[in-house]
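Student: Mind having a look at this structure? Questions to follow.
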Amino acid sequence: MTSTAGEAQADPRGSVWRRWDPHIHTPGTAMNNQFGEDAWDEYLTQLESADPPIEALGITDYCSVDEYAKVLDFQIAGRLPDVGLIFPNIELRLPTATKSDHPVNIHLLVSPEDPNHVEEIRRFLRTLKFSVGRESYVCDRNDLIRLGKAYDPTITDETAALATGTNLFKVTIENLKHSLEESAWAQANIIVGVAAGSTDGTSGVRDAGGSLEAVRVEIERLARVIFAGSPAQRSFWTGEGVLEPAELVRRYDGLKACIHGSDAHRLDDVGRPDMNRYTWIKGDATFESLRQACLEPKERVLVAEQPPRGALDYRVIERVTVRGADWVATPDLPLAPGLVAIIGARGSGKTALADLIAAGGGAASTDASDQTFLQRARHHLAGSSVALAWADGGASEADLPPSFALDDTPRVQYLSQQFVERLCSSEGITDELLTEIERVIFEAHPYEDRLGASNFRELLDLRASHGRDLRRFAQSEMDDLAIQIEAERVTGESLPDLKNEQTRLTGLLAEDKKARGGLVVRGGEDRAKRLETLNGALVLKQGEVDALKRREKALGDLLDAVTDISDRRLPAIQSELEREYASAALTATEWQAFRLKYAGDPRELVEGRLEAVRADIGRLVGQALPKPTQPAHELPPYVPDDADLTQVTLAALRAEAWRLGELIGLDANRQRQLQALNDKIAKTEAALASVNANIARAEGASDRMKALRLKRKQAYASLFDGFASEQEQLEAMYAPLKDALGAEVGTLGKLTFSVRRVVDVESWAKQGEALLDLRTGVFRGHGELLSQARTKLLPAWERVASAEVAEAMAAFREEHDPHFVEQAKVSRLEKHDYARWAAEVAAWLNDTSHISVKYGVQYDDVEIEQLSPGTRGIVLLLLYLAVDQSDDRPLIIDQPEENLDPKSIFDELVGRFVETRRRRQIIIVTHNANLVVNTDADQVIVANAGPHRPGQLPEMTYTSGGLENPEIRQEVCEILEGGQYAFEERARRLRIRLS
C-alpha cells in the first residue's frame, strides 16, 4: 500500500474505520525535542510496528513543514509502507493565554493532494506575521531564526535560534482568518484545528468575569477540528451534550470533529496516546476522509481504544461472489458492514445485485409471478451460483435460479420492489402488511414474555383465551336464560287459560260426584253413604299413589342424569381442560387433582330415595286381594266400619267398594259405571290439583322473569368483561412498541397503535329487521331499527364498561320488547311457530357476533388503510428501520424511495438509516441522492451494464468505494438526480468545503 502523499487510497469496501495519529512530532521538532540524536530509524520502526496499525499520520511541527518533508522522503524510500496518508499538521500559537499562562495552540491540517502542497503551505505561512517593537517577522525558517537571535543576541546556533524564535512567534486570530480568506488555495486545502485542553487549549481561556468568553468562542468558531480525547468533549461538539446541534451551529458555526494524537515529543510516546485514546476515522486513508469526518463528526470519527462495531459478525455479509455467470464482469465484490448503497442508471444491474445477495442469503423470491431480476432471467442462470462470505468466517451459497423450501429461514431480510409495492398498494391495507406489522409487534416482546409462541397470532390466542372463554361461557348462559325466560313468558301468559280450566274441572268434578251418587239403589242409604265415603277415600288414595309414581319417575330420570354427568360429562370437561392448557405441562398424576366430582354421593342418595318411594307405593297400594268365590252377603267386610280410611290400602278400599256395591244391588253394568266414575273423579281431582299448582306457578312467573332478566343482564355484562379482557391483553402486547414510540418525534411520533371494539351495527340491525314485520309499528320501514341501535346501543357497544353496556341493552329491551311483539312476523295464535320466532328474537338480541376486538395502526390519527401509498411506504420502512429492533439480519431494500417525496425521505428516512446501520447491515438500491449523500453511506456500489447481447444477459460491472473517493462521488453526482445539489447542500449546511 506504498504511495506518495497525494495518491488516493481507494478501498472497494468503502468507508471503513482506520486508525489515524493526526498529531505526532518527529525527531528534529522545533521545540521540546526529546527524541535524541540519530532517532529517525527507531522512530520509523515504532510507527511501522504500532498496534493497532496507523494508516494516516499528521506529522506535526511548530510553524514549519520541514520535518514533514523528511517523512515524505522516508516513505518514498520504502519506509512506512502501510501508512496510506501522511499530511502536515502545522502547530501555531495564539497570543491568547490560558489560566496556566500557556498560549492557546492552533493547528493547520493541510491536504497533501496538491503535488506542490509543501511550497504552497510555506507560501501561506509567510502571510502570518508577528511584530516586536517596530520589527515584523513572518512565519518561515529564516525569519524565525532572525527573531530568535534578535530576542537573545547571545545565540549563535541556528537550531537554538529557531527554537527560540518559534517559541516567541504568535499569530493573531485576525491575521490567521485574513490569510485564510485571502487564499483560495488555503480555503480548499487547510482545515483549522484547535486544542481543547485547559493547559494549552480553549478550555483554559476563562476568567472570573467572563470577559474572555467572546475570545474563546471566536477561536472555536474558526476551527473545524477539536483536538480532544475525552468522551465529554466529543459529546459536547457532536450535539449530544448541553447544547443541541442547532445551538452549536448558531454559536460555534457548526459541529466539530474531535481527534486526538500521541503528540509524541520522545520515542516512548510515538503512536501511544494517553489511555489508549486512539483516533478512528471512517473512510479511505485520504485527506478527503478527514473532510468527511468534519461533515459527519458523529458518524465518521471517534476517539477510543477500539473503533465502533455495528452488527454482530455472523450477521454481516463481507463478500458476495457469483460463480459460473459470464454476464457478471466483477464476480467478487466486498461489502461494507454498515450502509451499502447500490446506484446506477436504469437497467444497469442494481436490482440484479440485490437479488443475487438476497438469493445467497436464502431470501430470494421463488414465485415465478414475481417480476424480480432472477425470475425474469431464470432461463439464463442455469449452472451459476452465488455465495456469501460472512464476517465470522461462515458461508452460504445458493444455486441459480434459487429454490428454497418454505420452512427455510433466510439469513437476510429482503424488501424487494414487488414486496413493498404489494404491501403499500393503494387498494388498502393487505393481509401481508398486517402480517408484517404483527411480526414487528411480536418481535418487540422479550423472548421470555412470548409464552413459547412462535408468532403474533399464537401469542394473542394464548393471552386472549381468558377473555374469549368468558364470552363463550356468558353466551352459553344467555342462551339457557333465553329458553328459561321464554318458558316463563309462556307460563305467565297461560294464566287465563289455566283459570278457565280450573273452573271447567271444578264443574266437571261436581257433575261426576253427583252422577256417582245417582247410581246408589234406594233403600240401602246407609250402605250407599258408606260406599260414597269409601269412594272418596279411594280417589284420595289413588291421588297419593299417582303422586308417588310421578316422583318415582323423576327420581329414575335424575339417577340416569347423575350417571351420565359422572360417567361422561365431567370427564369430558377435564379432558377439555387438559387439551386447552396442555402447555401447563402437568403430569397425568397432577391432572388427577382436577378431577371433577360431586361433593357427596348423589347416586346413593337418589337410589335411597327411589327405594323409599317404591316402598311407599307398595304400602299405599297394598297386597292384591284374591277374587272372592262366594256371594257378597257371605263375605266379611274388607274394611271395618270404624277403620281410619286414610290408613287403608288402595286394594282393600277397592275390594270393600265392590262388596258394598254388590250388597246395595248394583248390577255388573252399574259396577263398571261406578268404577269408571271413580277413576274419572280421581283423574279430574289430580288434573285440578295440577292446574292449581300451575296457576300458582303462572302467578309467580312475573317475579321469576324479573330475576332471570337480571341474570341475563349480568351475563351480558360478562360478555363485555370478556371483550375488555381481550382488549387488555392486546394493549399489553402493544406495550413494548408504545414505550418505544413514546419519546419519538417525526413520523414515528405520529405512529400509534390502538385497540378498540369494532361494531358492525348495520349487520346486527339487518338481522333484526329480518325478524320483524316492517309494514307498521315503531320499526316501520328499513333503517329505523338501525337508527335506534346507533343512538342507544352503538356508543355503549364501542366504548363503555361492561356494566354500562348491559344497562344500555336492558333499557333498549325494556323499551322495545313490546314493539318487537307488535311487529312479530308470526301470529301468536300459531303457538309453535311463535315460540320459534320468539327464540330467534332472543338469540338476536343476545348475540354479540357483530362485535369484535380489533387493533389498528394510525398515522397522525388517520387509519393506515386510508393513507397514500407513499405515506404508507414511510410507515413500513420505519417499522423495519426504527421499530423492529430484534431483527439484526442484513436488510436489503430495493428502491425504498418509490412513491415517496424527497422531503419525506430527507425528514423521515435519512436519520433512521443512519441509526439503523449501527446495529444491522443495510443494502439499498436507490435513485435518491439523499439516501446516499445525507445518510453518508459507508459504501457506494456503482452498477453498469454493457451493450445488449442477443440471447444473453448484458455484461454487468460493479465499482465500489466510499463517498470520500472523488471518483465515486462523481458517479453519485452524475447518476443520481440532485446528487451534486445534495453534496453542496450538505457541505453548506455543515460549513465544510469539499474538494
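Student: Any residue that is in contact (Cβ under 8 Å) with a residue 60 or more places away in the chain, in contact with a His (Cβ under 9 Å, 6 or more places away or on another chain) and over 19 Å from Val225 (Cβ atoms) - is there at least one of those in region 45-61?
Tutor: First pass over region 45-61, keeping only residues in contact (Cβ under 8 Å) with a residue 60 or more places away in the chain: 46-47, 50, 52, 54-56, 58, 60.
Now narrow it down to the ones that are in contact with a His (Cβ under 9 Å, 6 or more places away or on another chain): 58, 60.
Narrowing the set further to residues that are over 19 Å from Val225 (Cβ atoms) leaves none.
No: region 45-61 contains no residue that is in contact (Cβ under 8 Å) with a residue 60 or more places away in the chain, in contact with a His (Cβ under 9 Å, 6 or more places away or on another chain) and over 19 Å from Val225 (Cβ atoms).
Student: Follow-up question, since we're still on this one. Grab the helices (runs of 4 or more DSSP H) fully contained in region 817-916, keeping just those with 2 or more residues being outside the structural domain of Ala789 (by TED's automatic domain parsing), modelled with pLDDT under 75 and within 30 Å of Ile317 (Cβ to Cβ).
Tutor: 869-878
Student: Could you please find all residues in region 490-500 being part of a helix (DSSP H, G or I) and surrounded by fewer than 19 Cβ atoms within 10 Å (Cβ to Cβ)?
Tutor: Val490, Gly492, Glu493, Leu495, Pro496, Asp497, Lys499, Asn500, listed by residue number.
Student: Another one. Here are some conditions: (1) outside any helix (DSSP H, G or I); (2) within 50 Å of the chain's Cα centre (by Cα). Thr154 meets all but one. Which one does it not meet?
Tutor: It fails just one condition, (2).
Student: Let me confirm something: among Ala676, Ala599, Ala652, Ala615, which residue is outside any helix (DSSP H, G or I) and in the same structural domain as Arg550 (by TED's automatic domain parsing)? Let's see the steps before the verdict.
Tutor: Numbers: Ala676 fails: outside any helix (DSSP H, G or I); Ala652 fails: outside any helix (DSSP H, G or I); Ala615 fails: outside any helix (DSSP H, G or I).
Within the list Ala676, Ala599, Ala652, Ala615, the selection yields Ala599.
Student: Mind listing just one residue for me: the one in region 169-192 that is under 54 Å from the mean Cα position of the chain (by Cα) and of a type in the set (S, T, N, Q) and, of those, surrounded by the most Cβ atoms within 10 Å (Cβ to Cβ)?
Tutor: Asn189
Student: Evaluate the following for Ser183: is it among the hydroxyl-bearing types (Ser, Thr, Tyr) and under 15 Å from Ile219 (Cβ atoms)?
Tutor: Here the answer is no, as Ser183 does not meet what is asked.
Student: Also, I was wondering about something else. Is it the case that some residue within region 63-72 is in contact with a helix residue (DSSP H, G or I) (Cβ under 7 Å, 6 or more places away or on another chain), modelled with pLDDT under 90 and surrounded by 17 or more Cβ atoms within 10 Å (Cβ to Cβ)?
Tutor: Checked region 63-72: no residue is in contact with a helix residue (DSSP H, G or I) (Cβ under 7 Å, 6 or more places away or on another chain), modelled with pLDDT under 90 and surrounded by 17 or more Cβ atoms within 10 Å (Cβ to Cβ).
Student: Go through region 290-348 and give me each residue that's without any contact (Cβ under 8 Å) to a residue 60 or more places away in the chain and touching a Leu at 6+ places or on another chain (Cβ under 7 Å).
Tutor: Correct list: empty.
Student: Right, something else. Considering only region 140-177, how many residues are in contact (Cβ under 8 Å) with a residue 40 or more places away in the chain and within 16 Å of Ile106 (Cα to Cα)?
Tutor: Within region 140-177, residues that are in contact (Cβ under 8 Å) with a residue 40 or more places away in the chain and within 16 Å of Ile106 (Cα to Cα) number 10.
Student: What do you reckon, is Ser183 farther than 18 Å from Asp253 by Cβ, touching a helix residue (DSSP H, G or I) at 6+ places or on another chain (Cβ under 7 Å) and either among the small types (Gly, Ala, Ser) or touching a residue at least 24 places away in the same chain (Cβ under 8 Å) (or both)?
Tutor: Yes.
Student: In addition: So Arg216 passes all but one of these: (1) assigned to a helix (DSSP H, G or I); (2) closer than 19 Å to Phe130 by Cβ; (3) among the basic types (Lys, Arg). Which condition number does it fail?
Tutor: (2)
Student: Identify, from the list Glu607, Glu580, Glu552, the residue that is surrounded by 11 or more Cβ atoms within 10 Å (Cβ to Cβ) and at pLDDT below 85.
Tutor: Just one listed residue meets the conditions, Glu580.
Student: Would you point out which residue out of Ala806, Ala765, Ala796, Ala801 is under 30 Å from Asp739 (Cβ atoms) and under 42 Å from the mean Cα position of the chain (by Cα)?
Tutor: Numbers: Ala806 fails: under 30 Å from Asp739 (Cβ atoms); Ala765 fails: under 30 Å from Asp739 (Cβ atoms); Ala796 fails: under 30 Å from Asp739 (Cβ atoms).
So the residue among Ala806, Ala765, Ala796, Ala801 that is under 30 Å from Asp739 (Cβ atoms) and under 42 Å from the mean Cα position of the chain (by Cα) is Ala801.
Student: Looking only at region 73-91, filter to residues that are charged (D, E, K, R) and either over 23 Å from Leu144 (Cα atoms) or touching a helix residue (DSSP H, G or I) at 6+ places or on another chain (Cβ under 7 Å) (or both); which one of those is surrounded by the fewest Cβ atoms within 10 Å (Cβ to Cβ)?
Tutor: Filtering region 73-91 for residues charged (D, E, K, R) gives 73, 79, 82, 91.
Then keep just the ones that are either over 23 Å from Leu144 (Cα atoms) or touching a helix residue (DSSP H, G or I) at 6+ places or on another chain (Cβ under 7 Å) (or both); that gives 73, 79, 82.
Working: Asp73: 9, Arg79: 18, Asp82: 13.
Restricting to residues being charged (D, E, K, R) and either over 23 Å from Leu144 (Cα atoms) or touching a helix residue (DSSP H, G or I) at 6+ places or on another chain (Cβ under 7 Å) (or both), the top hit is Asp73.
Per-residue answers, yes or no, for (1) among the hydroxyl-bearing types (Ser, Thr, Tyr); (2) within 40 Å of the chain's Cα centre (by Cα); (3) outside the structural domain of Ala811 (by TED's automatic domain parsing):
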| residue | (1), (2), (3) |
| --- | --- |
| Ala687 | no, no, yes |
| Arg697 | no, no, yes |
| Lys713 | no, yes, no |
| Ser718 | yes, yes, no |
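Student: Can you tell me which of Asp253, Asp263 is farther than 21 Å from His23 by Cβ, in the same structural domain as Asp200 (by TED's automatic domain parsing) and of a type outside the set (A, V, I, L, M)?
Tutor: Asp253 is the lone residue from the list that is farther than 21 Å from His23 by Cβ, in the same structural domain as Asp200 (by TED's automatic domain parsing) and of a type outside the set (A, V, I, L, M).
Student: Further, regarding this structure: Could you tell me which of the residues Glu552, Glu580, Glu576, Glu590 is of a type in the set (Asp, Glu) and more than 30 Å from Ala464 (Cβ to Cβ)? Walk me through how you get there before you give the answer.
Tutor: Working: Glu580 fails: more than 30 Å from Ala464 (Cβ to Cβ); Glu576 fails: more than 30 Å from Ala464 (Cβ to Cβ); Glu590 fails: more than 30 Å from Ala464 (Cβ to Cβ).
None of the others qualify; the one that does is Glu552.
Student: Okay, moving on. Residues Glu501, Glu552: which one is under 17 Å from Ala687 (Cβ atoms) and over 60 Å from the mean Cα position of the chain (by Cα)?
Tutor: That would be Glu501, the only listed residue that is under 17 Å from Ala687 (Cβ atoms) and over 60 Å from the mean Cα position of the chain (by Cα).
Student: Could we say that Thr589 is among the polar types (S, T, N, Q), closer than 30 Å to Gly452 by Cβ and either in a helix (DSSP H, G or I) or in the same structural domain as Val562 (by TED's automatic domain parsing) (or both) here?
Tutor: Details: among the polar types (S, T, N, Q): yes; closer than 30 Å to Gly452 by Cβ: yes; either in a helix (DSSP H, G or I) or in the same structural domain as Val562 (by TED's automatic domain parsing) (or both): yes.
For Thr589, the condition - among the polar types (S, T, N, Q), closer than 30 Å to Gly452 by Cβ and either in a helix (DSSP H, G or I) or in the same structural domain as Val562 (by TED's automatic domain parsing) (or both) - is met.
Student: Moving to a separate point now. Would you be able to say whether some residue in region 794-802 is surrounded by 14 or more Cβ atoms within 10 Å (Cβ to Cβ) and either assigned to a strand (DSSP E or B) or in contact (Cβ under 8 Å) with a residue 60 or more places away in the chain (or both)? Full working, then the answer.
Tutor: Pass one, region 794-802, residues surrounded by 14 or more Cβ atoms within 10 Å (Cβ to Cβ): 794-798, 800, 802.
Within this subset, residues satisfying the condition of being either assigned to a strand (DSSP E or B) or in contact (Cβ under 8 Å) with a residue 60 or more places away in the chain (or both) are 802.
Checking region 794-802: at least one residue is surrounded by 14 or more Cβ atoms within 10 Å (Cβ to Cβ) and either assigned to a strand (DSSP E or B) or in contact (Cβ under 8 Å) with a residue 60 or more places away in the chain (or both).
Student: Name the residue that is nearest to Asn965 (Cα to Cα), counting only residues in region 260-284 that are hydrophobic (A, V, I, L, M, F, W, C) and out of contact with any helix residue (DSSP H, G or I) (no Cβ under 8 Å at 6 or more places or on another chain).
Tutor: Filtering region 260-284 for residues that are hydrophobic (A, V, I, L, M, F, W, C) and out of contact with any helix residue (DSSP H, G or I) (no Cβ under 8 Å at 6 or more places or on another chain), the one nearest to Asn965 (Cα to Cα) comes out as Trp280.
Student: In addition: Against the condition surrounded by 15 or more Cβ atoms within 10 Å (Cβ to Cβ) and assigned by TED's automatic domain parsing to the domain that holds Arg670, how does Leu625 come out, does it pass?
Tutor: So Leu625 does not fit the description; no.
The values are calculated or read from the model by the stated rules, or taken from the named source; none is laboratory data. Keep in mind it's a predicted model, so treat the numbers as computed, not measured. Ideal geometry is used to build each Cβ from the backbone, glycine not excepted, and the neighbour counts take in all protein chains shown.
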